[in-house]
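Participant: So that we are looking at the same thing, I have put the structure below in structure tokens.
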Amino acid sequence: MDDKINIVKVWLDFAYRDISSAKYLLNMRPTPMEIICYHCEQAVEKLLKGYLIYQNVEPPRTHVLKLLCKMCEDADETFKEISEQCGNLTIYGVQSRYPYEIDITEYDMKRAIIDADFIMKFVLMRIPKEKGYIATIPALGCIGDGETVQSAIDDVYEVGKEWLRIAQEEGRAVPKPELSRDELVYSGKFTVRVPKTLHKQLVMQASSEGISLNQLINDYIAMGLGHKMA
């Protein structure tokens, strides 16, 4: 099982590199829209093939994302939810690699990035590990894992440091953070309204575990954001 997980992780790593490359190229002028769309298609292709490998299915040598999505759907019917996005991206797998094959607009390019991002999150939530967590730095295309939330963060932090070191050596530009430190003004407190029945269930669960309601909710949120795997 560990060998299979490692193989899947390699596919995910390459998918992250593709989507990271697509976003990096947004800063070029003129913007290479065809190449950006191609990387989006490639990211999704690798994600779907990685999922098939996890399901012990040999992925076919094809760029047809709807076919790959349909194969994934045989294992998890919720893949129907991304069938349309896969269909939209398929055309960029071949035609966008050659001049005069396809006209791509700025809207098409932005839509491709949005679709690829959505599918990446969708697939990641459906590739469980035997144990542990997955942590990512999407802007850099880095991925790490660990048996605890902190160890996964530490792992991806080291991967990110190595990425930055290589980028500096090669003179590559480093993507800007989506939020600057000045914008990070979150207090750590927010109000959430939930149904009374759910409130009761949470209180009972916290009591049974011998922890506070606040700690229980914190743990659940961390599990969701950290992609805790059963």
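The values are calculated or read from the model by the stated rules, or taken from the named source; none is laboratory data. Since the model is a prediction, treat every value here as computed from it, not as a measurement. Cβ atoms come from the backbone with ideal geometry, glycine included; neighbour counts cover every protein chain shown.
Participant: Tally the residues that are among the small types (Gly, Ala, Ser) and surrounded by fewer than 19 Cβ atoms within 10 Å (Cβ to Cβ), restricting the search to the stretch 58-97.
Facilitator: Restricting attention to the stretch 58-97, the residues satisfying the condition of being among the small types (Gly, Ala, Ser) are 75, 83, 87, 93, 96.
Add one more test, that the residue is surrounded by fewer than 19 Cβ atoms within 10 Å (Cβ to Cβ), and what stays is 75, 83, 87.
Residues in the stretch 58-97 being among the small types (Gly, Ala, Ser) and surrounded by fewer than 19 Cβ atoms within 10 Å (Cβ to Cβ): 3 in total.
Participant: Let me ask you something else. Taking interchain pairs and intrachain pairs at least six residues apart, which have beta carbon atoms under 8 angstrom, with the first residue in the stretch 39-58 and in a helix (DSSP H, G or I) and the second acidic (Asp, Glu)?
Facilitator: Close Cβ pairs satisfying both conditions: His39/Asp18; Cys40/Asp18; Cys40/Asp115; Gln42/Asp18; Ala43/Asp18; Val44/Asp115; Lys46/Asp18; Leu52/Glu58.
Participant: Of everything in the stretch 95-148 that's part of a loop (DSSP other than H, G, I, E, B) and of a type in the set (Phe, Trp, Tyr), which residue is modelled with the lowest pLDDT? Spell out how you get there, then give the answer.
Facilitator: Just the residues of the stretch 95-148 that are part of a loop (DSSP other than H, G, I, E, B), to begin with: 98-105, 125-132, 138-141, 147-148.
Narrowing the set further to residues that are of a type in the set (Phe, Trp, Tyr) leaves 98, 100.
On the way: Tyr98: 57, Tyr100: 49.
Going through the qualifying residues, I end up with Tyr100.
Participant: Going through the stretch 1-38 one residue at a time, which ones are at pLDDT 85 or above and not in a helix (DSSP H, G or I)?
Facilitator: Met28, Arg29, Pro30, Thr31, Pro32
Participant: Residue check: is Leu179 hydrophobic (A, V, I, L, M, F, W, C) and either at pLDDT below 85 or in contact with an Asp or Glu (Cβ under 7 Å, 6 or more places away or on another chain) (or both)?
Facilitator: Criteria met by Leu179.
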